[in-house]
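The values are calculated or read from the model by the stated rules, or taken from the named source; none is laboratory data. The model shown is predicted, which means the values in this text are computed figures rather than measured ones. Neighbour counts are summed over all protein chains in view; Cβ atoms, including those assigned to glycine, are modelled from backbone coordinates with ideal geometry.
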Amino acid sequence: MTDSKNSLLAYLALAAVCIIWGTTYLALRVGVSQFPPFLFSLIRFSVAGPVLVLLMLTIGKQKWPDRKTLFNQAVSGILMTTLGVALVGWAEVYISSGLAAVICSVMPVWTILINVLILKDEKPNWIIITGVLTGLTGIVMIFSEHLAEFANPLYIFGIVVTFAANISWAVGSIWVKKKNENTDPFLGAGLQMSFGAIGLVPLTLLFDSYSKIQWTTEVVYALTYIIVIGSMAAYVCYSYAIKKLPMTVVSLYAYINPIVAVLLGWLLLNEKLNFHIALAILVTIAGIYIVNIGYRTKNSSGTSALQSIGRRLKFSR
């Protein structure tokens, strides 16, 4: 019963991540449009991280980790928050929240390719190759709707930065899975955000323009939401899910995030959305899903990620 309960909680945590992180692209876009992007993320993580650590050391009765654990958490924090999250916020100064979310949806592909090509855990089969090509086709379709914007170097810069952030998040996720297995996921999330905030200090000093600081109602609401819900709640859910579930299953959140982000950007920020873009998003997500199927086929005798989820949920009942 304990295992089935933990499994159900892990999938509920993953479901929360699927929805919440889709909304954070909108909150980031609102924040960085009126506030220095790295400072915005610095405030976000310097509040959420230490508060969560304090709660776990007191109410959660967790012990302060040893140096090795702190080092592993620091690496995770730099890769996933300083680079993986804050760089996306910087990129959203130049590109839409929906486009940033779609680019970030490729994260499962990077995760699998790193495992296959760098860590040499597996060799790609024809399903994985087909999925990668399908996903890239979807990305090209999306970019074809913004050809005129490619004349703007800052637009290209925003795209490149988002891809870099996406790869960094994938590497950080693999690091968490391999190095932080014995750490409480809630304390780990707080430590990662805290170290990520430290890493943001030099970035805000180097790249932010403090003349752009505007404490508007929108910025305050966006910052509050992204600290409490987007950071403390969602990051804890992600850390719990990544500890309890296979990495390829956890990466399924990337299928839902862009859909939520694109719809919210269209509804609330008047970002571009038409049939061609919607179709391109579906093609991109289909490509990622095919890659996931290919990877699961090699490691689970043909069992896809969604079939694995179905069986686990059935067992949980």
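Numbers at a glance
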item: Ile95 assigned to a helix (DSSP H, G or I) and β-branched (Val, Ile, Thr); result: no
item: Members of region 125-179 that are among the polar types (S, T, N, Q) and in a helix (DSSP H, G or I); result: Thr130, Thr134, Thr137, Ser144, Thr162, Asn166, Ser168, Ser173
item: Residue match in region 191-200 (condition: over 20 Å from Trp169 (Cβ atoms) and either without any contact (Cβ under 8 Å) to a residue 24 or more places away in the chain or over 18 Å from the mean Cα position of the chain (by Cα) (or both)); result: no
item: Yes/no for Ala286 being of a type in the set (Gly, Ala, Ser), over 23 Å from Ser194 (Cα atoms) and without any contact (Cβ under 8 Å) to a residue 40 or more places away in the chain; result: no
item: Region 105-124, subset surrounded by fewer than 20 Cβ atoms within 10 Å (Cβ to Cβ) and assigned to a loop (DSSP other than H, G, I, E, B), residue modelled with the lowest pLDDT; result: Glu122
item: Inter-residue pairs, beta-carbon under 7 Å, first in contact (Cβ under 8 Å) with a residue 40 or more places away in the chain and in region 206-219, second of a type in the set (Gly, Ala, Ser) and surrounded by 12 or more Cβ atoms within 10 Å (Cβ to Cβ), 6+ apart; result: Val219/Gly31
item: Residue check, Val102 surrounded by 24 or more Cβ atoms within 10 Å (Cβ to Cβ) and assigned to a helix (DSSP H, G or I); result: yes
item: Condition met for Ile227 (surrounded by 15 or more Cβ atoms within 10 Å (Cβ to Cβ), free of Cβ contacts under 8 Å to residues at least 60 places away in the same chain and under 21 Å from the mean Cα position of the chain (by Cα)); result: no
item: Identity of the residue in region 249-263, over 13 Å from the mean Cα position of the chain (by Cα) and β-branched (Val, Ile, Thr), that ends up surrounded by the most Cβ atoms within 10 Å (Cβ to Cβ); result: Val262
item: Region 263-282 residues that are within 11 Å of Glu145 (Cβ to Cβ) and among the hydrophobic types (A, V, I, L, M, F, W, C), paired with ones that are at pLDDT 85 or above and surrounded by 13 or more Cβ atoms within 10 Å (Cβ to Cβ) (beta carbon under 6 Å, 6 or more apart); result: Leu273/Trp266
item: Any pair with Cβ under 7 angstrom, 6 or more apart, that starts in region 148-165 at a residue that is more than 15 Å from Val102 (Cβ to Cβ) and at pLDDT 90 or above and ends at one that is surrounded by 15 or more Cβ atoms within 10 Å (Cβ to Cβ) and not polar (S, T, N, Q); result: Leu154/Tyr94; Phe157/Tyr94; Ala164/Leu87
item: Residue under evaluation Val109, criteria (1) among the β-branched types (Val, Ile, Thr); (2) touching a residue at least 40 places away in the same chain (Cβ under 8 Å); (3) over 28 Å from Leu252 (Cβ atoms), criterion not met; result: (3)
item: Residue pairs meeting the criteria (Cβ under 8 Å; at least 6 apart or on separate chains; first at negative phi and of a type in the set (S, T, N, Q), in region 42-66; second surrounded by 15 or more Cβ atoms within 10 Å (Cβ to Cβ) and modelled with pLDDT under 90); result: Gln62/Met56; Gln62/Asp184; Gln62/Phe186; Gln62/Leu187
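For (1) at pLDDT 90 or above; (2) part of a helix (DSSP H, G or I), each residue gets a yes or a no:
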| position | (1), (2) |
| --- | --- |
| Ser4 | no, yes |
| Trp21 | no, yes |
| Gln34 | no, no |
| Phe38 | yes, yes |
| Leu42 | yes, yes |
| Val47 | yes, yes |
| Leu54 | yes, yes |
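Condition check ((1) buried (at least 20 other Cβ atoms within 10 Å of the Cβ); (2) touching a Gly at 6+ places or on another chain (Cβ under 7 Å); (3) in a helix (DSSP H, G or I)) across all residues:
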{"site": "Gly196", "(1), (2), (3)": "yes, yes, yes"}
{"site": "Ala233", "(1), (2), (3)": "no, no, yes"}
{"site": "Val236", "(1), (2), (3)": "yes, no, yes"}
{"site": "Ser239", "(1), (2), (3)": "yes, yes, yes"}
{"site": "Gly265", "(1), (2), (3)": "yes, yes, yes"}
{"site": "Leu279", "(1), (2), (3)": "no, no, yes"}
